[in-house]
Every structure is written in structure tokens, then in C-alpha cells.
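> Just passing along the structure, written as C-alpha cells.
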Amino acid sequence: MAKPRPGGSTGSAGSTGSRSGSPGTGSGGSASGGTVPAPRPGGRAEARRAAQSKGRGGQDGDGGSNGQGHRRSGGRGKKPERSVKKIVGWTAVGALVLIAGTGGAIYFKLNGNIKTIDSDALSKDRPPEAQADSNGNKPVNILLIGSDSRGGSNSDLGGGDTEGARSDTTILLHVYADHKNAIGVSIPRNTLVTIPPCKLPNGKWTKEQKGKDVLFNAAFTVGESPEGNPACTQNTVEKLTGIRVDHTIVVDFQGFAAMTKAVGGVEVCLPKDIYQKDLNEKLPTKGSLVLKKGPQKVEGQQALDYVRLRHGIGDGSDIGRMKRQQAFMSSMISTVKKKGLEPTTLLPLADAATKSLRVDEGLDTVDKLMSFALSLKSIDLHDLKFVTPPWRYNEANLDLVKPDVDRLWEAIRADRTLDGKDATGEQPDAPATPVPPATPEAPPTTTAPPTHTAPAPPIKVYNGTTVNGLGAKAGEALKAAQFTVGLVTQAKSTNKLTTTIEYGAGQKANAEKVAELFPGATLTPTSAAGISVVLGKDYGDANGGAGAAGATTPAVPSVPVPLPTSVTDGARSADDDICANTTYGSGG
């Protein structure tokens, strides 16, 4: 599915499932393929001659042995590449700011490295795009996929041991509209999900897959393509979360190893010594020491060993490995930020990154990557959070816990941070004094009895717009009219134009009474019980939203609602201590 750009190398394949890492020590070996020379004095011509004379270097390599891993069904898999992707989207591409002005040969070399993912395999039934505020600010969602592969040089680094490509790590990175906050959600690879119809290499589409044996990481394998099926993974994430993915990035083991070398290593920490048997449990003895206890710097093969490690620490589950991967990504981002825009660091990093990535068509040039990277420069490490959605075991696999996980997806769709902060980029000032709800007038004694007999259930209110506090205002209006209000929350779609009153069996008369409070609303029967009000732009315009001229009553500001502790307790900031929260369960 990847389309190499002119001058670029082909993408490597991958495989899936849970695998133990290869036993290896050290990180020797040749430098990442295609070392890029630093720009020299004398302008572009001299830089071009220097680049041509130096040529493309050898392949990526690492020292250490590469034992045969194994794979378990349902796999609690590894997620190594995720770190890499994050860096690529975050800072590696920042080097392109320098490249564009210092050497045409380097610029075209990097542009030729980039490989793209076809977009025609994306679902036609997708969540709506986020709407920009009046200043043009809008959130961005990036799907980061690490490919467990034995293609190309990946076999030397302990890639997958079966045919086809498989997703080893997946993180949904949400950059808030203010571009000062971001959250990365690690999706466990053995989560039970519904995989929507996906396009096969032959052009046909599969049927929807669901059941007790349909795991999240299987989406990447649909079609058994050597390059994997990132579009199917994106379709699955959008169906699971109701969040539209704007960009997708895939990276392999070779790229991960090359990038860790390009930055001069990454600081990590382990709660205990790690031996070869911890990386490959099939070995008869514990073998040699691979990673020592405590803080240390790793790169290449050792960096892969760290992010792939599952056994020997904690309960040996993939949850602990995900925590270490989040710590690794945080440390790598911090490393690059500390080094600053130094050509000696960023040019090799950009070369390694662009050679190792497959990206969507929205990021398929140096200019696009550069623009994207610059849009993230204001995010402070403390405001970059990593979380794992609340989960529970379902035999050997995982279920995501409802309603807690739904509240996480809702918060992201509404652009609210973990602590309930509104990060839409356009937040109205709160009124100086609270505005009390209007006091309902007593109904006249001559009012005719209602024509309906069924009692009105609690009304659910969904804000289908980006106007802050609109749901709370509608709730107050309903209460003033003597209706009981239940849930008030953000709708999955925030671009609804017309307010809709949805009603279940026996509630038409009540729904008609509700509709009187929302002029122009559409009545829609549904199979769901009760009554729901889905607010549209028409209600927002009439009640203090964008375009409402002469509105006399200010919108009631929504009250930030923190997420459940099942989401927030395990959250990690990118500036947290590298030794903290790197394991799960007993045993380490």
C-alpha cells in the first residue's frame, strides 16, 4: 500500500503478535544508512558536491545477537516503534527548517526518502472533521503505528517471525486546538474490537469483523500485505473512538534504531537487571546481562530491547511494556528538545526518520512535514500526557471498560484535557458574576391537561456544536419548563446544523412539548428509549454562539468535569521522572 516517492526506498514488511525480544547486548554496528553531511560554507553548490561525494552510507545496523522470539495467540504485543513516530511528528522534522535554507541537495534527498500511504482505502463512513475556531485553530489527531517487521534490515533487529506486517504499537496522539497541550492514548494490541469493512490489495472490501477473537492488532494484517494495512487500522480506531484521524504515520524497527542513534542515545530506567532470557524466554538459562538496573542511556539494539521488553519485570504483561514505551517516548522527545536545532543532531535524525516512515498524503513532502512540526513547537513537556484507556481482562485478551473509556473519547472530541480544561483555543471569558437560571413562571390554572399520558423521562442533552456551555444552557431551559434533565454532554459530532429531538416508543407527545423550547428543531423517532436533544448550530446562534447578533443572555459556562480515576491515575507527563511508573503488577 505504500507508494515510494521518487528516489525513496521501499518500505519494510512487518509481522505481528506478541514476541519476546532478541537477546542482544550493546548497540554497535554501522551508523544509520545514508549519513547526511552538515551544510558547508560556500552555498548550495558546495553542499551539493559534498553530499554527492559522500554518497549514501551503509545500512542501519546494531551489535548483539538476535535470538528467535516467539508469539502468543491473542498476543500481548510489543510496541516499540511508537516512540519513533512521536519524535518524527514532533521534532525530527524540525530539522527541515534548516535544510530548506542550507542545501538543495539535502532537501531533495529527504524529500525522496518519504513514502506515502494510499488514502483510497479509508472508510466512507468517518467521524466528522473538527471545526476551526474564529482564529483558525483546530485540533489535530495523529495515528502512530509501529510495525513489527522482518523485512529488510529489520530481521537483524528482531522483527516479526511470520509473513506479512503486523502492528506492534499504536498510539492516538491528540494535539489540542490551542497547540499547547497534547495527549497520547496507547491502544492495547490485544483489545477486543469491531473491525469495520477494509479494502484488500485486490480492491475488494472485507465484511465487518467482531467477536471474541477479533483483536485490535489484527486490523493491520487485513489482506496480509508485506507493508501492512494502516488504513484498516485507522478505520478501526475511528470506529472505536468516534474521533477522526487527520494523519497516519507508520515506522519500522530499523527506523526506530536509526533515530535513537541519531540523537546520541536516550535516557531510560529499569527497576531490575535484565538478562537474555527475559528477552527470549525459550533460552535454557538466563544468559548475559543485557540492560542494567537503574538509569542508563540506550540506542540501537539496546533501545529496541528496552521498548520490547515484557518478561522479567512486573507481571510480564503488555501493560507494563506500554508504560515503559510511554516513558521512552517522553525521554526521546526531551532529548531532542534539549539539543535544540543543531544540524549535527537534526539532519541525521531527519534522514533516519524520513527513510523509515510511511505517511499519509497530507504529510508526504518535506514542506508538509516541516509545517506540521512547527505547529507543535509550543507544547511544553509537562503538557504532553500519555494514558492507557481503562481496561479489564477478558480471558487472555482485554476489554475497554465502559462508560469510563467513552468519557475519555468524549473529552478528546470536546478538546478537554485530563483535568477538564478547555483547550479549544477559543474560550469565552466567564461572567463576572454567576447568572442565575431564569425562575420559571407558575403555570396558569386554566392550562389544559396534557394530551399525553406517558410520564416524561429524564431528557438527555448532547451539544452538537463547538459553542462552549451550550448544553448546560439547554439543560437550564428544560428544567425551567419543568422537565427532568439527565445526561448533559458533548455529542460525537460537533458540526450539527439543526437541533434534533430524538424520541423512543411512547414519547412522541413529550418530544413535541420539548421541541417547543427549540424553535426549528426536527423530531426524529429512534429505537432508543427516552428523549434526547441534540443541539445544532441554529440553537447556538440563537443563544450566544457564533453568529448570534444581539443575544441578551450570556451562555452558561460549562463546568469542567475531570475524567474518571481509571483514566487519570496512570497518566504520565513527558517531564516525569524516567524511573517512575515503568512497570505494572507484582514481580518487579
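The values are calculated or read from the model by the stated rules, or taken from the named source; none is laboratory data. Computed from a prediction, not measured in an experiment: that's the story for all the values here. Reconstructed Cβ throughout: ideal geometry from the backbone, glycine too, with neighbour counts over all protein chains shown. Note: accessible area is taken over every heavy atom of the protein model, side chains too, but ligands, DNA and RNA are not part of it. Shrake-Rupley method; radii C 1.70, N 1.55, O 1.52, S 1.80 Å.
> Can you sort 518, 483 by solvent-accessible area, 1.4 Å probe, largest first?
Sorted by accessible area, descending: 483, 518.
> Name the residues whose placed amide hydrogens come within less than 5 Å of the amide hydrogen of residue 178, ignoring near sequence neighbours (fewer than 5 apart) on the same chain.
425
> Across the stretch 120-129, in residue order, what do the Karplus-derived ³J(HN,Hα) couplings come to in whole Hz, using 6.51 cos²θ - 1.76 cosθ + 1.60 with θ = phi - 60° and x for Gly and Pro?
After applying 6.51 cos²θ - 1.76 cosθ + 1.60, I find 6, 9, 6, 4, 7, 9, 10, x, x, 5 Hz.
> What's the carbon and sulfur percent of the stretch 164-221's accessible surface, probe 1.4 angstrom, rounded to a whole number?
For the stretch 164-221, the apolar C and S fraction of the accessible surface comes to 52 percent.
> Can you tell me the relative contact order of the stretch 468-535? Whole percent, Cα pairs under 8 Å, sequence separation 6 or more.
Dividing the mean separation by the residue count of the stretch 468-535 yields 35 percent.
> Where in the stretch 570-584 does the amide nitrogen come within less than 20 Å of the point 7 Å from the Cα of residue 380, taken along Cα to Cβ?
571-578
> How do 198-210, 301-313 rank on mean C-beta neighbours within 10 Å, highest first?
In descending order of packing, they fall as 301-313, 198-210.
> Could you tell me, in Å, what Rg and Dmax come out for the Cα atoms of the stretch 483-538?
Taking only Cα atoms of the stretch 483-538, I get Rg and Dmax of 10.8, 29 Å.
> Once fully extended, how much extra length lies between residue 569 and residue 361, figured as 0.36 nm per residue of separation less the alpha-carbon to alpha-carbon distance?
Result: 71.2 nm gained on full extension.
> Sticking with this one: Nothing charged except the Cβ atoms of Lys and Arg (+1) and of Asp and Glu (-1): what's the magnitude of the dipole of the stretch 199-304 about its Cα centre? Round to the nearest 20 debye.
260
> Any idea how far apart residue 528 and residue 419 come out in nm if each label point goes 7 Å out from Cα toward Cβ?
3.2
> For labels at residue 580 and residue 337 in the simple 7 Å Cα→Cβ model, what's the distance in nm?
Taking the simple label geometry, residue 580 and residue 337 are separated by 1.5 nm.
> Using 0.36 nm times the number of residues separating residue 480 and residue 129, minus their current alpha carbon distance, what extension gain do you get?
Length gained between residue 480 and residue 129: 122.9 nm.
> For the pair residue 283/residue 497, report the inter-label distance in nm, with labels modelled 7 Å from Cα in the Cβ direction.
Reported label-point gap for residue 283 and residue 497 is 6.4 nm.
> Further, regarding this structure: To the nearest 0.05, what FRET efficiency results for residue 516 and residue 194 with a Förster distance of 41 Å applied to their C-beta separation?
0.60
> Would you mind checking 138/323; 377/421; 368/492 for any pair whose Cα atoms are more than 22 angstrom apart?
Pairs exceeding 22 Å: 138/323; 368/492.
> Quick check: the distance between the Cα centres of the stretch 486-513 and the stretch 378-404, to the nearest angstrom?
If you average the Cα positions of each part, the centres end up 30 Å apart.
> Once the Cβ-Cβ distance between residue 180 and residue 213 is put in as r, and R0 is 56 Å, what FRET efficiency do you end up with, to the nearest 0.05?
Once rounded, the FRET efficiency stands at 0.85.
> Something else: Can you pull the percent of the stretch 273-412's accessible area that's carbon plus sulfur, 1.4 Å probe, other chains left in place?
Ligands and nucleic acids excluded, carbon and sulfur give 51 percent.
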